[in-house]
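Just so it is clear, none of the values below were taken in a lab; they were calculated from the coordinates. Just so we're clear, the structure is a prediction, and the values are computed from it rather than from any experiment. Counting neighbours? That spans all protein chains shown, and the Cβs are built from the backbone with ideal geometry, glycine included.
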Amino acid sequence: MGSTAADELLAVTVAGLPRDEHGYLLPAGAPRPVSFARVEDPEWLDAQIALQAQRWPTVDRRVLATLWWYSVSQVFITPTVASLFVTGRALSPRPNDVELHWLSDGRVFTARSTAVLDKGNDVRAVGAAIRDSVEIAIPAVARAGARRERPLWAIATDSLANRLLWVGRARGDVDRATSLAATLAGLIGAPMPPPRFVTIHRRPPRKGQVRFVRRSSCCLVYLEPGEAKCASCPRLAPLDRTALLRTAADFA
C-alpha cells in the first residue's frame with residue numbers, strides 16, 4: 001500500500017495518542033526527508049557519523065557511530081510500533097519505506113513511513129520486517145564505526161523497548177507494551193537480546209510506580225567530557241542506577 005494509506009494510518013495512530021505525545025511522530029519545523037535506505041551508502045553514512053562530532057567533538061569514531069545508531073534506531077521504528085500498538089496495523093519499518101526527518105547537523109528526531117506493512121496486523125510479519133531492517137542497518141553502522149555488531153543489536157533492543165514503553169505509557173497500558181516488546185524481540189531473534197524492564201516505586205508522598213527500560217546497551221556518551229551516564233546506563237553501579245531511576249520516577 002502506498003503513502004496515502006500510510007498517511008491515513010499515521011493519522012489514526014496520532015489521533016489515538018494524547019496531544020502532548022505527538023512529537024515522536026510529527027516533525028517540528030522543516031526537516032529534510034532522507035530515505036533510511038541511504039544507510040547502505042557508505043559515503044552518506046560516513047558523513048552522518050562525522051556530523052555527530054559537532055556535538056561530541058572529542059570522542060572517537062566508534063563512539064560517534066554508536067551515538068548515531070542510538071538515535072536512529074529509536075526513530076525509524078517509532079511509526080511501526082506506535083501504529084501497531086494503537087491500531088493493530090503496522091506501518092512499514094523497511095528502509096525503502098522510511099523517511100528520516102533529517103536536520104543539516106545530522107540530528108534525526110522523527111521519521112515517516114510511506115507504506116503500510118503487508119500483513120501488518122500479524123505480529124510475526126512485523127517482527128520479520130524489523131529484523132530485515134536491522135540486518136541491513138547494523139552491519140553498515142558497524143563498518144562505518146569500526147565496531148562490533150553485537151552491541152548495536154543491544155541498542156536496537158533497548159530502542160524497541162523504549163518506544164513501546166513510551167506508547168504504552170501514553171495509552172495507559174504499560175503491561176501490554178512490555179509484553180509486545182518481548183514478543184517482537186523474540187520473533188526478531190538472536191543476536192537481539194530480550195528487552196528488560198524495571199519497576200520503581202515512587203517515594204512518599206507520591207504514589208504508584210513507574211516502569212523503565214533496564215538497558216542492555218550503553219550509548220557511550222559519557223566518554224565526552226562534561227557528559228554523564230544516563231540514569232538507566234548498564235555501566236552504573238546497581239545502587240546508583242536505582243537511585244537515579246527512583247528520582248526519575250518521583251518526577252514522572
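Do the sum for the chain: with -39,500 (n - 2.57) for every DSSP H run of n ≥ 4, divided by all residues, what is the mean residue ellipticity at 222 nm, to the nearest 500 deg cm²/dmol?
-16000 deg cm²/dmol
Label points 7 Å out from Cα along the Cβ direction at A146 and S3: separation in nm?
Placing both labels 7 Å beyond Cα along the Cβ direction yields 3.9 nm.
Over all alpha-carbon pairs in the chain, figure out the percentage whose distance exceeds 26 Å.
For the chain, the share of Cα pairs beyond 26 Å comes to 39 percent.
Could you give the nm distance between label points at D118 and R246, where each point is 7 Å from its Cα heading toward the beta carbon?
Output for this residue pair reads 5.2 nm.
Mean Kyte-Doolittle hydropathy of -1.0 or higher plus an axial Cα length of 15 Å or more: which whole DSSP H helices in the chain meet both?
In the chain, the long hydrophobic H runs are 3-15, 61-75, 123-145, 150-171, 174-188, 238-251.
For the range 4-75, build the charge dipole from Cβ charges (+1 Lys, Arg; -1 Asp, Glu) around the Cα centre, then report which of G29, T13, T66 sits farthest towards its positive end.
Of the options given, the answer is T66.
Tell me which of I77, I136, A53 sits at the most positive position along the dipole axis of the range 3-195, charges placed on C-beta atoms (Lys, Arg +1; Asp, Glu -1).
So the residue we want is A53.
Dipole of the range 116-232, Cα-centred, from +1 at each Lys and Arg C-beta and -1 at each Asp and Glu C-beta, to the nearest 20 debye?
Roughly 620 debye, rounded to the nearest 20.
Long-range amide H contacts for L91: which residues qualify at under 5 Å (H placed 1.01 Å from N, peptide plane, sequence gap of 5 or more or a different chain)?
So L91 has HN proximity to S83, L84, L117.
In a shell of Cβ-Cβ distance under 12 Å around A161, excluding A161 itself, what net charge do Lys and Arg (+1) and Asp and Glu (-1) give?
Within the 12 Å Cβ shell, the charges total +4.
Let me know the charge dipole size of the range 3-195 about its Cα centre in debye, to the nearest 20, where only the beta-carbon of Lys, Arg (+1) and Asp, Glu (-1) is charged.
The calculation lands at about 360 debye.
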